[in-house]
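Student: Pasting a structure here, questions to come.
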């Protein structure tokens, strides 16, 4: 049996992921998180009389803190795998990826362990996030002048 | 010839410890169980070293053996440079060999031990191996607390340590022969489907063993493969039928015999300790089988080479046991 024939045989035995089901769960969980976060923004604007920009910044901080705290308390990883891609959305997913890496490497020291592995998972998000925003700004300048 | 016959090699005793999830799984005959993954240590790596030390100390104590009676200690695990086994070995004054065949490590150890004993170069040899789920996650996958999404073909590294005493004095379990497998790359690069990486090596070693030993597949009362998992097991039986025309019936896969379905371990168990656990705590414990063939399987990847998109080689070694 050659390699291509073998790949076909492996493909035949691979269990099918229920993609539709995963997408629905991710949509509902992600949507709920977005709904809660929007609620926090509205509350901050009305209760503390913040502008929308200020309220958004404070809300981001609250979300980052909450996600990191949940990671540290040890149950956010279970939520992550149950919610499919629903909690991988930028703020919660990013905070969780950084704090889970930090927890994993803290025993190897502050510099060689925690420091150098802090952005192990999030490094790509930062790099390509900056790159993408840079390209989009150029596109925007070209289109709208 | 890849197959070797051994003279006067026997398994005298075995000692095992399992992790918290395995304790609630299908196997019930283990010697000790841990309540948590730290086992009283600061880190998971140190916990795994302690697991090895505990099984080793217990094996020596229950057999009333002093360190100077052991001619050779052979160890292996999944942590970088087999460091867990080497750190454990440093606690004893016993000549030590470190081995690595990923999840096929245990049978590689038995083959080396058997060669030494059969060649009258050693009388008592201890083979020790361990796996720790969270160390394997750190080693090969994501940070422990990340909880990354996994495919249904992924296997779950078994947390356990097993130490076995081999000797030249007759006991009820004889190591009769072994077949050393070839490292086989069939172009599969998916580290989340190790069953597919290992199945061709397992099928090849079984076929080689049967041909060289001039035996039929029904010669054995049971054939046990190590950690192919639910998906790999199907590929293995399919390959045997299609390519080698072997219809395997009396067959178990260690990957499918450790966790219950409710334990959400995807395609089942893997890890160097999975096969010896099932062998001692299930296959030998039930005392029903006289002729047993065990085939340990390993996926020989490294994180770097897997990221470089090369096909991952699989390995499988077979050993034949006769029980009186």
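Student: Would you check which residues across region A:46-55 are outside any loop (DSSP other than H, G, I, E, B) and either in contact (Cβ under 8 Å) with a residue 24 or more places away in the chain or buried (at least 16 other Cβ atoms within 10 Å of the Cβ) (or both) and list them?
Tutor: Within region A:46-55, the subset outside any loop (DSSP other than H, G, I, E, B) is A:46-47, A:52-55.
Across region A:46-55, the qualifying residue is only A:55.
Student: Just the residues that are more than 9 Å from chain B (Cβ to nearest Cβ), surrounded by fewer than 20 Cβ atoms within 10 Å (Cβ to Cβ) and over 19 Å from residue A:126 (Cβ atoms), please, taken from region A:83-110.
Tutor: Listed by number, the residues that qualify are A:106, A:109, A:110.
Student: Sticking with this structure for a sec: Residue by residue through region B:170-192, note down the ones that are assigned to a strand (DSSP E or B) and within 14 Å of chain A (Cβ to nearest Cβ). Spell out the reasoning first.
Tutor: The first filter runs over region B:170-192 and keeps only residues assigned to a strand (DSSP E or B), leaving B:173-179, B:184.
Within region B:170-192, just B:184 meets the criteria.
Student: Continuing with this model, one more query. With the requirement that a residue be within 27 Å of residue B:235 (Cα to Cα) and assigned to a helix (DSSP H, G or I), what does region A:6-35 give you? Full working, then the answer.
Tutor: Going residue by residue through region A:6-35, those that are within 27 Å of residue B:235 (Cα to Cα) are A:6-22.
Within region A:6-35, A:6, A:7, A:8, A:9, A:10, A:11, A:12, A:13, A:19, A:20, A:21, A:22 qualify.
Student: I'd like the full set of residues that are more than 9 Å from chain B (Cβ to nearest Cβ) and crowded, with 17+ Cβ neighbours inside 10 Å, limited to region A:67-82.
Tutor: A:67, A:68, A:70
Student: Right, here's the next one. Identify the single condition in (1) more than 11 Å from chain A (Cβ to nearest Cβ); (2) surrounded by fewer than 19 Cβ atoms within 10 Å (Cβ to Cβ); (3) at negative phi that residue B:148 does not satisfy, given that it satisfies every other one.
Tutor: (1)
Every residue, every condition in (1) closer than 27 Å to residue B:194 by Cβ; (2) touching a helix residue (DSSP H, G or I) at 6+ places or on another chain (Cβ under 8 Å), yes or no:
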{"position": "A:7", "(1), (2)": "yes, no"}
{"position": "A:16", "(1), (2)": "yes, no"}
{"position": "A:34", "(1), (2)": "no, no"}
{"position": "A:41", "(1), (2)": "no, yes"}
{"position": "A:44", "(1), (2)": "no, yes"}
{"position": "A:61", "(1), (2)": "no, no"}
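Student: When residue A:128 is evaluated against the numbered criteria (1) closer than 30 Å to residue A:18 by Cα; (2) over 12 Å from the mean Cα position of the chain (by Cα); (3) facing another protein chain (nearest Cβ under 9 Å), which criterion, by number, is the only one it fails?
Tutor: Against the list (1) closer than 30 Å to residue A:18 by Cα; (2) over 12 Å from the mean Cα position of the chain (by Cα); (3) facing another protein chain (nearest Cβ under 9 Å), residue A:128 comes up short only on (3).
Student: Grab the helices (runs of 4 or more DSSP H) fully contained in region B:211-324, keeping just those with 2 or more residues being touching a residue at least 12 places away in the same chain (Cβ under 8 Å), buried (at least 20 other Cβ atoms within 10 Å of the Cβ) and on the phi < 0 side of the Ramachandran plot. Walk me through it before giving the result.
Tutor: Values: elements: B:229-243, B:274-278, B:303-307.
Qualifying helices (runs of 4 or more DSSP H): B:229-243, B:274-278.
Student: Looking at region B:154-169, can you tell me whether even one residue there is within 13 Å of chain A (Cβ to nearest Cβ) and over 18 Å from the mean Cα position of the chain (by Cα)?
Tutor: no
Each reported figure results from applying straightforward, stated rules to the coordinates on display, with no laboratory input. Keep in mind the model is a prediction, meaning the values are calculated, not measured. Positions of Cβ are generated from backbone atoms using ideal geometry, with glycine treated the same way; all protein chains shown enter the neighbour counts.
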